[in-house]
Amino acid sequence: MLASLAATGLRAAPATAPDTVAAQLRDAAMAGHDIAWSWVSELSTRFGPRPAGSVNEQQAAAWAATKLKSLGFENVHIESFPITAWVRGSESAQLTAPSTQPLVIAALGESPPTPGSGLEGDVVIFPTLTDLKAAAPGSLNGKIALVTQRMVRAQDGAGYGAAVPARTDGPKEAAQRGAIAFLLRSVGTDSHRLAHTGTTRYVDGGVPVPAFALSAPDADQIERIAALGQTVRVRLFSTASYLPDAHSQNVIADVRGRERPQEVVLLGAHLDSWDQGTGAIDDGAGTAIITAAAKLIRDLPHRPRRTVRVVLFGSEEIAQPTPPGGAFGGHSYATNHQAELADHMLAGESDFGTDRVYSFALPATVTQSELAKTLLRILTPIGVLASERAPEDVGTDIGPTVEAGVPAFQLSQDGMHYFDIHHTADDTLDKVDRAALDQNVAAWAALIWLAADSDVDFRPRPSPSATGVPQSR
């Protein structure tokens, strides 16, 4: 961090106007916030990949708890929950006809292994998941289904939502039509020969067939061969396995509010990562951003009126239910803190890398409020404007909390390049832009301070006749 908060001008007394403090927080972060960089650097270097349920994830959680305590956070603790961990093992793929060629693949999360000798079959190509769904039952018996849909690059990442159903639902649809395995063109926007992994959907307690992502160049190669009128045949091998008695955990830390500590502004990011890179972008950077923003607020001469809570969620990437019904980090937090959610005032999540924030969105109840106008005035100088829409797709981790009725905010980051490395071996520390990281911290610190130090009610309160149970959104 900076040598001292005094050096940044953060000397405000409780009587100082909230917008003045917010501007000071913004400027301190933009000047260079060593906490954010040192956090993501140490996390991704010391522990590398942190798959859900792994020793690395658990050691990273213990490290994070110790670090948060040393930074002066309160109520620091770890909440564990059971999961079935998935271990990639070794994997390979080759074209076996019409010629022999190696392929770059990545097993999709929670895919079952192939038989010990591997499996082989002719490839049937479908341009989209919709085309696969239109195939007749039994039409893929003994074959391998391949969906080649391309993801569209977009600033807000909208192309991901359009492409990812092929990854999540493709194995089920292929199996229902008799396929022995499923392939898809990686859900990503790059042309690198790296495969993008990602989780799939359980059907009756498991993923029904071995499922793999192909690198974009390899998917292109198969399409070109098929266009020549040749039958494409592929051999797949995987030793993926499951650990049914594993656990993951959420790490929780508070900046306790000075007047209404029971009221919580929740900041979320996930500590686990995929197993091929080092989880620097997804989501080591997010944990660094929210921790650094909360630390700036914690180090003010006076605390905000409400409590600011940092939650470093576990098992976001492998978010399958154990037992069926839901038990990844987001569900675990919402369940464990159900009695408190009525006093959770606002929630937000950082899980989109480190590119610059370009807009903010607040709950519809306050879009025309003085707080919103103040926030716009504070953030416009660092390139952040108000969104014309209410928060959308607020994040996997805080999703269950939001579904329980807690309002969400959103700080939207530029996603034009995020999906070039998303879920690949290229997710490493050198991809973190330090200036953009600081700008993220600035936006988060200013917004969180204004929300936590305010009297603003971000959601309608229950009527006297209501049960008091948070309503679903």
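Ordering 108-119, 28-39, 352-363 by mean Cβ neighbour count within 10 Å, with the highest value first, yields 352-363, 28-39, 108-119. Beyond 26 Å, the tail of the calculated P(r) for segment 211-348 holds 46 percent of the Cα pairs.
Normalised by 2.2 N^0.38 Å, where N is the number of residues, the alpha-carbon radius of gyration of segment 58-115 equals 2.01. Shape of segment 404-445 from the C-alpha gyration tensor: oblate (a/c of 1.5 or more and a/b not above b/c, with a ≥ b ≥ c the square roots of its eigenvalues). Eigen-decomposition of the gyration tensor built on the alpha-carbon atoms of segment 164-210 gives equivalent ellipsoid semi-axes of 21, 11, 8 angstrom, largest listed first. For Lys172, the aspartates and glutamates whose Cα comes closer than 16 Å to its Cα, not counting residues fewer than 8 places off in the same chain, are Glu110, Asp131, Asp204.
Cβ-Cβ distance of Thr45 and Ala226, R₀ of 35 Å, FRET efficiency by 1/(1 + (r/R0)^6): the value works out to about 0.20. The spread of Cα positions in segment 17-107, taken along each principal axis and listed from longest to shortest, comes to 72, 32, 22 Å. Under the convention that each Lys and Arg Cβ holds +1 and each Asp and Glu Cβ holds -1, the size of the dipole of the chain around its Cα centre is about 220 debye. Segment 149-224 and segment 66-118 have Cα centres spaced 15 Å apart.
Take Asp131, project a point 7 Å from its Cα along the Cβ direction, then tell me which residues of segment 213-252 have their backbone nitrogen under 12 Å from it. Answer for segment 213-252: 223-224, 226-227.
By the Cα gyration tensor, segment 356-451 has an equivalent ellipsoid whose semi-axes, rounded to whole angstrom, run 25, 18, 11 from largest to smallest.
Per-residue Karplus couplings for segment 348-362, computed as 6.51 cos²θ - 1.76 cosθ + 1.60 with θ equal to phi - 60°, are listed in order as x, 9, 10, 8, 8, x, 10, 5, 5, 6, 10, 7, 10, 9, 10 Hz, Gly and Pro entered as x.
Shown here are the Rg and Dmax of the Cα trace of segment 147-277, at 19.9, 73 Å. Once the mean of 1/r is taken over each pair of separate Cα atoms and inverted, segment 300-439 shows a Kirkwood hydrodynamic radius of 17.0 Å. The residues neighbouring Gln262, those whose beta-carbon lies less than 9 Å from its own, together hold a net charge of -1 under the Lys/Arg +1, Asp/Glu -1 convention.
Extension gain for Asp204 to Asp457 (0.36 nm times residue separation, less C-alpha to C-alpha distance): 86.9 nm. Over the chain, all Cα pairs binned in 10 Å intervals from 0 give whole-percent P(r) values of 4, 20, 29, 23, 14, 7, 2, 0, listed from short to long.
If you look at the Cα atoms of segment 364-403, you get an Rg and a Dmax of 12.4, 34 Å. Over all distinct Cα-Cα pairs of segment 382-422, the Kirkwood formula returns a hydrodynamic radius of 12.2 Å. One way to sum up the overall shape of segment 102-194 is the equivalent ellipsoid from its Cα gyration tensor, whose semi-axes run 23, 16, 11 Å, largest first. Toward the positive end of the charge dipole of the chain, with +1 on the Cβ of Lys and Arg and -1 on the Cβ of Asp and Glu, the farthest Cα among Leu183, Ala154, Leu119 is that of Ala154. Helices that extend 24 Å or more along their long axis by alpha-carbon positions and average at least 0.5 on the Kyte-Doolittle scale are, among the DSSP H runs of the chain, 434-452. When both bridge partners sit in the chain, DSSP labels roughly 55% of those beta bridges antiparallel. Extending 7 Å from the Cα toward the beta-carbon at both His77 and Lys373 defines two label points whose distance is 4.3 nm.
Tell me, what does the Kirkwood hydrodynamic radius of segment 190-233 come to in angstroms if you use every pair of distinct C-alpha atoms? Roughly 12.5 Å, rounded to one decimal. Legend: residue pairs Lys133/Lys431; Lys295/Lys431; Lys69/Lys431; Lys67/Lys431, Cα-Cα distance threshold 30 Å; pairs beyond threshold, Lys133/Lys431.
Any read-out appearing in this document is the output of simple, stated calculations on the displayed coordinates, not a laboratory observation. Source: prediction; values computed, not measured. Note that each Cβ is placed from the backbone with ideal geometry, even for glycine, and that neighbours are counted across all protein chains shown.
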